[in-house]
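The values are calculated or read from the model by the stated rules, or taken from the named source; none is laboratory data. Fair warning: this is a prediction, and the values are worked out from it, not measured in the lab. Cβ: placed from backbone, ideal geometry, glycine included. Neighbour counts: every protein chain shown.
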């Protein structure tokens, strides 16, 4: 019998993302910033947030890119980790036992080199207890020739989501990249193919160099920019997608506090993910979740659902 229990407590900030994914809080931990949650659980009460999105899982183990693969930038960071992970079989055997003990939603982020890779990972996970949904990573900007290619193509996005929809009845959240001409076009393709929700934005392609050594700071040369520096881009993309699709949106990109999260709700996100700031304040997600609950519990406050997407355009 699994100890995993994600039934949302009756709180004013509880959120439903559809197809059985119920969150007690609209605050999630973003993939790639908290590994598989065990280390962070020493600093943050994970039962107080809506859920954890695991580090990306691929069919086979990956060592990732060569170091250096992280560099600090003004108001953010740039990374080229390259989706380093333990592989799906090791994940099931060694990481899921801990994740099942959490009283919060567990969403597994999945990456791959091909549609067959994604399909095989979902198939292997679909019979595993304790998984509440999948975040399909079609948008990693620091892995050459893989998921980024799918995420910038409407047809490829439609095809892979359609295939995965036939494999699983679990929640499918599709993670979108801002590094496209029209993110709403990609979002519509995912929705039409059967996605239950969309998460955006993934990191923005960026570069950092040292003028003295004349060398890039990352071995990979370019990487993914995240942190407060990308928040204006993220807000614009969430607003664009909100006005194009009907399925729920999970917003992310530079959220560093309660006010940032509220801005994402205002432009149409129904939930948010906290990423880079976990490295600075390991308990930031718990604090943001508490502040959101307090805000919507205050006298005269509207509900979170009624607040979402209410940006006033003069």
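So here's what we get for this one:
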quantity: Cβ pairs under 6 Å, 6+ apart, first in the stretch 2-20 and on the phi > 0 side of the Ramachandran plot and modelled with pLDDT of 60 or more, second crowded, with 16+ Cβ neighbours inside 10 Å and not in a strand (DSSP E or B); calculated: 18/196; 19/196
quantity: Residue match in the stretch 233-247 (condition: touching a residue at least 60 places away in the same chain (Cβ under 8 Å), surrounded by fewer than 24 Cβ atoms within 10 Å (Cβ to Cβ), out of contact with any helix residue (DSSP H, G or I) (no Cβ under 6 Å at 6 or more places or on another chain) and farther than 25 Å from residue 22 by Cβ); calculated: yes
quantity: Single match in 213, 222 (criterion: surrounded by fewer than 22 Cβ atoms within 10 Å (Cβ to Cβ), within 22 Å of residue 79 (Cβ to Cβ) and touching a strand residue (DSSP E or B) at 6+ places or on another chain (Cβ under 6 Å)); calculated: 222
quantity: Only one of 230, 280, 205 that is crowded, with 19+ Cβ neighbours inside 10 Å, out of contact with any helix residue (DSSP H, G or I) (no Cβ under 8 Å at 6 or more places or on another chain) and under 15 Å from residue 77 (Cβ atoms); calculated: 230
quantity: The stretch 77-102, residues that are part of a loop (DSSP other than H, G, I, E, B), in contact (Cβ under 8 Å) with a residue 40 or more places away in the chain and either buried (at least 21 other Cβ atoms within 10 Å of the Cβ) or within 17 Å of the chain's Cα centre (by Cα) (or both); calculated: 80, 81, 82, 83, 102
quantity: Residue within the stretch 158-169 that is modelled with pLDDT of 95 or more and part of a loop (DSSP other than H, G, I, E, B) present; calculated: yes
quantity: Condition check for residue 82: more than 29 Å from residue 221 (Cβ to Cβ) and modelled with pLDDT under 95; calculated: no
quantity: The stretch 134-149 - residue that is crowded, with 24+ Cβ neighbours inside 10 Å and not in a loop (DSSP other than H, G, I, E, B) and, of those, modelled with the lowest pLDDT; calculated: 147
quantity: Scan of the stretch 269-314 for residues that are under 22 Å from the mean Cα position of the chain (by Cα) and in a loop (DSSP other than H, G, I, E, B), ordered by number; calculated: 269, 270, 275, 280, 281, 282, 283, 308, 309
quantity: Residues within the stretch 170-198 that are over 17 Å from residue 118 (Cβ atoms) and in a loop (DSSP other than H, G, I, E, B), tallied; calculated: 5
quantity: Condition check for residue 59: surrounded by fewer than 16 Cβ atoms within 10 Å (Cβ to Cβ) and not in a helix (DSSP H, G or I); calculated: no
